[in-house]
Structures are given as C-alpha cells and as structure tokens.
1. Note down all Cβ pairs under 6 Å where the first residue falls in the range 75-90 and is within 25 Å of N32 (Cβ to Cβ), the second is at pLDDT 70 or above and surrounded by 10 or more Cβ atoms within 10 Å (Cβ to Cβ), and they're at least six residues apart or on different chains.
2. Could you list, in sequence order, the residues of the range 1-32 that are on the phi > 0 side of the Ramachandran plot and modelled with pLDDT of 70 or more?
3. Output the number of residues of the range 198-215 satisfying the condition of being crowded, with 22+ Cβ neighbours inside 10 Å and under 25 Å from the mean Cα position of the chain (by Cα).
4. Please tell me if A155 is exposed (fewer than 12 other Cβ atoms within 10 Å of the Cβ) and at pLDDT below 80.
5. Within the range 184-227, work out how many residues are under 21 Å from R243 (Cβ atoms), among the β-branched types (V, I, T) and assigned to a loop (DSSP other than H, G, I, E, B).
6. Of all the helices (runs of 4 or more DSSP H) wholly in the range 54-147, which have at least 1 residues that are closer than 30 Å to R193 by Cα, of a type in the set (G, A, S) and at pLDDT 85 or above?
7. Can you name the residue in the range 149-181 that is among the hydrophobic types (A, V, I, L, M, F, W, C) and within 27 Å of the chain's Cα centre (by Cα) and, of all such residues, is nearest to E253 (Cα to Cα)?
8. Taking the range 149-183 as the region of interest, how many residues are under 24 Å from I200 (Cα atoms) and in a helix (DSSP H, G or I)?
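The values are calculated or read from the model by the stated rules, or taken from the named source; none is laboratory data. Computed from a predicted model, the values in this text were never measured in an experiment. Glycine also receives a Cβ, built like all others from the backbone with ideal geometry; neighbour counts cover every protein chain displayed.
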Amino acid sequence: MGKLCECGCNQYLPESLFYFSGNKKYYRKYINGHYWKNKKRGTPSEEHKEKNRKAHIGKSSTFKGKKHTDEAKQKMREKHIGKITHSEEFKEDLRQRMIGNQYAKDMKPNRTSFKKGGIPHNKGKQYGEEVKLRMKKASLLKWENPDYIRTQIIARNRSKINKSEVIIKTLLDEIQPNEWKWVGNGEVIIEKRSPDFININGKKQIIEFFGNYWHKKTDEKDRINLYKRYGYKTLVIWESELRQKENVIKKMEDFIWDSTVLEP
C-alpha cells in the first residue's frame, strides 16, 4: 500500500509520484493539485491571480530570442533516448483527474470550434517565405513515410472498396480466380502511390481504376511509366468504359494473359 496524500483527502499517492535518493525511496507529500488544500491561506483568490499576472506583464523569458546549438540539441536528444517520461499509471491518474476539470472543459470548445464554423487561430496570418519553405519541406518529408501515406489514404475514405471497383474485382475473379487483390487502402505503396489491384500469384501486374471526375487531369501514361520503373506492367480502366462490360472483359483478358509479363 502506498502513502496517503497529506492534504487529508484519504487518497493514496500513485506509484509514479516518488523519487529515489541513494537506495531509499521517497514519496511526494501531495497528489497533483492537492497542495493548496493543505495550505492555511487556501486556494489563491482571483485577485491574487490577477495581481500575479500583471506582475509578469512585459517581462520576457531570459531565453527569448536565443537558440540551442546543434551540439546542445544532440546532447538533449541522446539524454532522452529510451527514457519513458511518464508511467502508464501516471498517465491514467492524470486522465482521471482531468475528467470534469474546468480547464479541460474550457479548452475543448477552443480546439474544435474551427470544425464547427469557428475561426481558425491562424486565419489571416501571413507567413514569411522562409517559414513557408520550411513548412513545404516538412510536408514533403511526411510523404516519404509509407505509414503516413496510408493514414492519408484512409482519411480520404479509401479504406473500403467502392462500387465501380467491386465490378472490376468481380470480373477479375471470373477471368482469373484468386489471383487478384484490391490494395487501394494503402496496403501497397509505390512511390507515394497506392495501386488499386495487384496480381498476388507471381506476376508483376497492376490494374488501376480511374474515375472520370477525379482523374480527368491525370495522364494514364504517367502512372504506367511510374510502375514500369519497378518492373510492373499496368492496365488502366476508366469509369466510362464500365458501361460496355464486354469490351472491359476483352481488355482485361488481353492484359492478364500477356506472355510478355515477367515473374518477379
């Protein structure tokens, strides 16, 4: 059993609120937020808070305008590698204490207001060219990560196969059963692109479905050449072509049984 909080609340301090000195284990005296309960003067009044706030107006941090050197950043990075900042017990304790907390209630509307027609905090803000360049580089760097690409694909409602793709999948199963898989959910990423269908039985073949609206500015040759660099042969089927299924089936058969397709 741990130590009781000294504020008189009869609650035990969580295991995360202790520290070691030598070989001896010491607990803190209070649960977070309970310190003022034990003070005779009580919780600071609004007048005291306002007085304290005004006393700091105009005062800037001693570190303002300064930057850490690359050497200092590297030392801080190495110091924290492998360290867990808070235990799971501490995180759960913090979460429970935030339930019903007035600060949490006040902040929640601010975080979500822009989603409900509110004004974003950065609306009308002008960024310098240097800042814009850094933001652009950071954004491009994210798209080098396959996991990030998958999350973006899912966010764009690509976690499920659409109706037109179901038609293509049905035709593929009729022509060549159990050899094609829909991977448009980001399961396969090739140079920031996620193909729609891929052969799973040894042939390097890809079938892409292009919607007339979403791909009207897309040149199918660019997509074909992209996958070709990785050894794949690609067939593009447009949404308008599905109106004549017989032609689509013939197009698929010619592509699937192409003898020039090499195995990986």
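1. Pairs found: E89/P14.
2. G8, N10
3. 0
4. On the way: exposed (fewer than 12 other Cβ atoms within 10 Å of the Cβ): yes; at pLDDT below 80: yes.
So A155 passes the test.
5. Here is the first cut: in the range 184-227, the residues under 21 Å from R243 (Cβ atoms) are 196-197, 207-216, 218, 220.
From the residues that got through so far, the ones that are among the β-branched types (V, I, T) too are 207, 218.
Pick out the ones that are also assigned to a loop (DSSP other than H, G, I, E, B) and you get 218.
The number of residues fulfilling the criteria is 1.
6. Working: elements: 70-80, 88-98, 102-112, 129-142.
Those helices (runs of 4 or more DSSP H) span 129-142.
7. If we filter the range 149-181 for residues that are among the hydrophobic types (A, V, I, L, M, F, W, C), which is where we start, we get 149, 153-155, 161, 166-168, 171-172, 175, 180.
Next, only the ones that are within 27 Å of the chain's Cα centre (by Cα) stay: 149, 153-155, 161.
Details: I149: 32, I153: 29, I154: 31, A155: 34, I161: 22 Å.
Applying the filter and picking the extreme gives I161.
8. Qualifying residue count, the range 149-183: 18.
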